[in-house]
Each structure stands twice: as C-alpha cells, then as structure tokens.
Amino acid sequence: MTNALPPMTEIWVYLSGSPLLALVFTLSAYLLGLSVYEKSQRHPLANPVLIAVIVVAVSITVLNMPYAKYFEGAQFVHFLLGTATVALAIPIYKGFESLRSRMGVLLLALIAGGITSIATAVGVAKFMRVDEALVRGLWAKSVTAPIAMGVAERIHASPTLTAIFAVSTGILGAVLGRFVLNACGIIPWWQRGFALGVASHGIGTSRAFSVHPQAGTYASLGMGLHGMVGAVLIPWAASFFYTNI
C-alpha cells in the first residue's frame, strides 16, 4: 500500500511557515542579481544588491509575508553584516603603506564628506518640513548600517528608518557614483574608492572592489573611518543641533 503524496497546497503552507524560506529567498535573489551584474560586465545600473532588494520586496509582497516572518530567516544574513564589515580591515592592513602617506588629505576629505552628507540631507528635509522622525533618521544615513542603527538609538531616531536610509544611500552611491565621479573629473582609483566608501559605505565598497583592488582598499578605509568618527561625533552633533537650534 503506497502513501499518497500530500497536496501541493499543504507543502506550500509548511514551507511558508519556515524561517528558512526567507533565507532561501534572500540568497536566491542575490545570486540572481549577481548573475545579472556579471552578464552586464559589472555595469553599475545592474547592482546586485539593488536587484536583490527589488526581487525580495516583490516576492514577500506577492506572498503576503509579514516582514517579521521574513526577518526570522533573513536574520542569519543580517548576523554576518557586522562580521563582513570588520573583515574589511584585511585589505586596509595590506595596503597600509600606501595609505599612510595620504592620511592627512584623506582625513580632510572624510570630515568634508561627513559634514556635507549630514548638512544636505537634514537641511533639505528641514526645508521641506519633513516629519521629525524621518529627519532624525537621516543623521547617520551615510555610516555603514550596523553602526548607523546604533547611532540612531543614541539620538532617539528609529533604527529601522535609519537602516532603510543607509541601505538606500549605499545602493544609490554604488549605482550613480561612477557617473558623478566621471562628471567631476576624478580619475585616480584611490580617490574614487575613498569617495565611495565615505558616501555609500558597504555597498559602495563592494562596488569599488569589483572594479579595482586599490579602489576597494581605499573604500574600506573610507567606510571604516567614517563609521568610527561618525559613531562618536554624530550623537554629539545631533544633541547640539536639537539643543541650540
């Protein structure tokens, strides 16, 4: 006597309740994005993270999957985010000799980039009379997401909103950074990489590594320095702003 196979609807109900489904969605979406990215000869508009975000967003919307349920599986990838950020210290260490001679100008660029990022985002939002909860979430948008979420808690902003702004900033930087840098006439790889790392953190750094190793090294440095300096100075600057302005 053979056992009848369960209906496909029952199998789907079982799978949809498993956190592993969200993990499979996430990894499959990124692999799809990576495949498109490679086939486009690494064109910035075919950024794999952008494609993965769109695919995952459409999938969980069609399946009517609550975000909380999705994150039960996606948290395994989220856990590795901090580890990947720390691992970027390796290329920095390998290229430290070339970095040391330029540290002065890089620090100046970091300070200018950080101030510009906050001033433009917060200034435009204030001018447009955006809700204050959204404005606070913009303070740390150009710092890598794990650090940005910690900064958000210290300045009484929503970590979720801040993470959304940080990821969006990273994707936009990775997609549009090439065209902006070309328009500004910035040619050296170390300058292009450092600008991407400061402005668009991890996703921009990933893009920089895919284009040139020197760009990736300097992008790692820019992201790391911006994260450390931002974690200390952004809460102080936000506190000063809301107390005195």
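The values are calculated or read from the model by the stated rules, or taken from the named source; none is laboratory data. These figures come from a predicted structure and were not determined experimentally. Note that we place each Cβ from the backbone using ideal geometry, even for glycine, and neighbour counts take in every protein chain shown.
Residues being over 21 Å from Ile51 (Cβ atoms) and part of a helix (DSSP H, G or I) are represented in region 162-173 by at least one member.
Within the option set Gly197, Gly185, being outside any loop (DSSP other than H, G, I, E, B) and farther than 19 Å from His78 by Cα holds for one residue only, Gly197.
Taking the criterion of being farther than 19 Å from Lys126 by Cα and either among the aliphatic types (A, V, I, L, M) or not in a helix (DSSP H, G or I) (or both), the residues of region 220-243 that qualify are Leu221, Met223, Leu225, Met228, Val229, Ala231, Val232, Leu233.
So that you can scan it fast, the table gives a plain yes or no per residue for (1) touching a residue at least 24 places away in the same chain (Cβ under 8 Å); (2) of a type in the set (A, V, I, L, M, F, W, C); (3) not assigned by TED's automatic domain parsing to the domain that holds Ser206:
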| position | (1), (2), (3) |
| --- | --- |
| Tyr93 | no, no, no |
| Glu97 | no, no, no |
| Met103 | no, yes, no |
| Ala109 | yes, yes, no |
| Gly113 | yes, no, no |
| Ala119 | no, yes, no |
| Gly123 | no, no, no |
| Met128 | no, yes, no |
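Of the helices (runs of 4 or more DSSP H) lying entirely inside region 1-86, those containing at least 1 residues that are modelled with pLDDT of 75 or more and on the phi < 0 side of the Ramachandran plot are 19-39, 48-62. The number of residues in region 152-178 being touching a residue at least 60 places away in the same chain (Cβ under 8 Å), crowded, with 23+ Cβ neighbours inside 10 Å and among the β-branched types (Val, Ile, Thr) comes to 0.
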